[in-house]
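Coordinate-derived values only; no laboratory data. None of the values given here were measured: they were computed from a predicted structure. When we count neighbours, we look across all protein chains shown, and the Cβ atoms used for this are built from the backbone with ideal geometry, even at glycine.
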Amino acid sequence: MDIPYTVEARPDTGLYNAKVGIWLFLASEVMLFGALFSSYIMLRVGATEWPHGLLNVPIGTLNTIVLITSSITVVMSWASLKLKQFSRFKLFQGCTVLLAMTFVVIKSFEYRDKFSHYYVKVAEDKEVREMTGHIEGSPLFWSLVSINESKDPIKEIVFHPDPPAGEHAAAHGEHGAPMTIPVSQIKKLECFGPWHSTYLAIYFTLTGLHALHVIGGALVIGFLWGPGSKMWKTDPERFTNRVEVSGLFWHFVDLVWIFLFPVLYLL
């Protein structure tokens, strides 16, 4: 027995079953991300200060372009099926999967950067202040640095400071020259993980959840591009509907990022 309304529209909703289901699912997703965005707004409004310059805006912009392009290719893959051009569907659907993988790879490099750079605060010692180029009235040391080498037993650590950004442009070694700081003078050494600050906890929560959605959507789209595409020969109309439903989810994923990018990277 065939399941009704898998292809033709239901008389009560004007939609076939899968489209009704995806819209209900997306409604729950809106509530999920809406709660997280609302929490972010409450924390941001209540904070006396908010960090800036910790995220790489060019990389975020590149990922935005990647996702917007993938929205175009997923529409083109569905349109190709409507025009009975299966080979073009395979091309555009494959491009969508590649763009999704590109987004995840770029995001992984951004995550790695947070765990390979460190917040360093040194003791307020005259000699150390002179060594780190301390500027009067600024934090003693706040810079993105990467640990280059160390001795065993560790008595001192060599840092290669990166050019600081935003309001964290505190003093660091002259022209980013390597600095050797005794361990005894280091008061705090911590990478920029979610435990570092409320801001980074929000960043990893929102972008991590979004990345999981990207991976999940890419798996479904990849299945429809590969083994699932066999349905085109037996039931092309139903297969086209499945591609459309997966595209609706993908557009939602892209829309979430369009909100995440300015909120986290630009504001």
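Taking a virtual spin label 7 Å from the Cα of ALA35 along the C-beta vector, which residues in the stretch 176-216 bring their backbone nitrogen under 16 Å of it?
205-206, 209-210
Mind ordering 91-98, 59-66, 182-189 by average Cβ neighbours within 10 Å, highest first?
So the order, starting with the most tightly packed, is 91-98, 59-66, 182-189.
Just list whichever of LYS90/LYS230; LYS19/LYS90; LYS90/LYS233; LYS114/LYS188; LYS82/LYS233 have alpha carbons separated by over 18 Å in the model shown.
LYS19/LYS90, as the Cα separations exceed 18 Å there.
I need the shape label for the stretch 180-262. Rule: rounded when a/c is under 1.5, else prolate if a/b > b/c, else oblate, with a, b, c from the alpha carbon gyration tensor.
Prolate, because a/c is 1.5 or more and a/b exceeds b/c.
Once you place label points 7 Å from the Cα toward the Cβ at LEU267 and LEU24, how far apart are they in nm?
Computed distance between label sites LEU267 and LEU24 equals 3.3 nm.
Based on the Cβ-Cβ distance from GLU110 to LYS82, what FRET efficiency comes out when R0 is 51 Å, to the nearest 0.05?
Given R0 = 51 Å and the Cβ-Cβ separation, E is 0.90.
Assuming R0 = 41 Å, what is the FRET efficiency of VAL57 and LEU91, from their Cβ-Cβ distance, to the nearest 0.05?
Efficiency, from the Cβ-Cβ distance: 0.80.
Report the Cα centroid-to-centroid distance between the stretch 92-106 and the stretch 31-75 in angstrom, as an integer.
19 Å
Each label point is 7 Å from the Cα along the Cα-to-Cβ direction; what then is the distance between the points at LEU209 and GLU237, in nm?
Here the answer is 3.9 nm between the modelled labels.
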